[in-house]
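The values are calculated or read from the model by the stated rules, or taken from the named source; none is laboratory data. From a predicted model like this one, the values you see are computed outputs, not experimental measurements. In this analysis, Cβ positions are derived from the backbone assuming ideal geometry, glycine residues included, and neighbour counts consider all displayed protein chains.
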Amino acid sequence: MTQDDPVIAIKDLHKAYGSLEVLKGVDITARRGDVVSLIGSSGSGKSTLLRCCNLLEDSQQGEIRFKGEPVHWKGSGHDRRPADAKQVLRIRTNLSMVFQQFNLWAHMTILQNVMEAPVTVLGRDRAQVEEAARGYLDKVGIGDKCDAYPAQLSGGQQQRAAIARGLCMEPEALLFDEPTSALDPELEQEVVRVIKSLAEEGRTMLIVTHDMKMAADVSDHVVFLHKGRIEEEGAPDTLFGSPQTDRLRGFLSATA
Ligand code: ADP
Ligand code: MG
């Protein structure tokens, strides 16, 4: 591993569920500070790609590296499993995933939700984690909700709590899977603002989104996935300003 290794380097990734080929040779690189957005129709393999990065899914061919370290399942046949527990922990800590459904613990306060994994999974000092957690909740604009329970928050506030929870792991990169698609349009903007501010502070992020405006605003690079292949990719201005393929033009006009 060297300083120059990308945070995430995906090469020729192939993934099938049984006979269903979902990823058919995908290459994506995110260097430190890069924001890469992944767009494409439902079923094109976007979530699968993120899940492979996080060892939630196995792949059959190609590779994913996290700062030079190979990320893949081990063993064969019935013994195939997501690497060893230490690697799983290291990868999931460093590539922190924010899901469409925020998945907060209903019986814990917002502060407890944000503190839970760093304290119990990573064994970090509780007082230090609490200070950091309060800081991240402030940063996403819900510092006043520390003692509330998830059900007492709006969807936008819950998603911002989920982002604070991801940040509290002190990850190398954040992986977002449609972070705004469960939200009403007016709540969506609260979350977009937070993601924008994270992009501005130079966080490395891989963002699956249906929000083309956000992708255009925050990304360094946009990848259009179609049926498991990269159909077109480029800088947001170029990709959205002058799409080259009929498929991307069709996709963009359907989502506009
Ligand atoms: P996207 O996020 O772009 O909508 P997904 O990665 O979720 O696409 O899904 C890609 C394809 O893989 C779809 O056809 C979906 O039905 C299928 N798929 C996703 N997860 C599974 C699974 N666990 N088992 C079988 N098929 C799956
Ligand atoms: Mg998806």
Complete set of residues in segment 137-192 that are within 16 Å of ligand 1 (Cβ to nearest atom) and over 14 Å from F102 (Cβ atoms): L175
What is the number of the single condition among (1) at pLDDT 95 or above; (2) under 16 Å from the mean Cα position of the chain (by Cα); (3) within 16 Å of ligand 2 (Cβ to nearest atom) that H221 does not meet? (3)
Number of positions in segment 16-62 that are under 17 Å from the mean Cα position of the chain (by Cα), farther than 12 Å from I230 by Cβ, assigned to a strand (DSSP E or B) and within 16 Å of ligand 2 (Cβ to nearest atom): 1
On the given criteria, is T93 in contact with a Pro (Cβ under 8 Å, 6 or more places away or on another chain) and either assigned to a helix (DSSP H, G or I) or within 16 Å of ligand 2 (Cβ to nearest atom) (or both)? yes
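May I ask you to list the residues in segment 63-99 that are within 20 Å of the chain's Cα centre (by Cα) and among the small types (G, A, S)? Step through it out loud before you land on a result.
Taking segment 63-99 and keeping what is within 20 Å of the chain's Cα centre (by Cα), we get 63-73, 82, 87-99.
Correct list: G68, S96.
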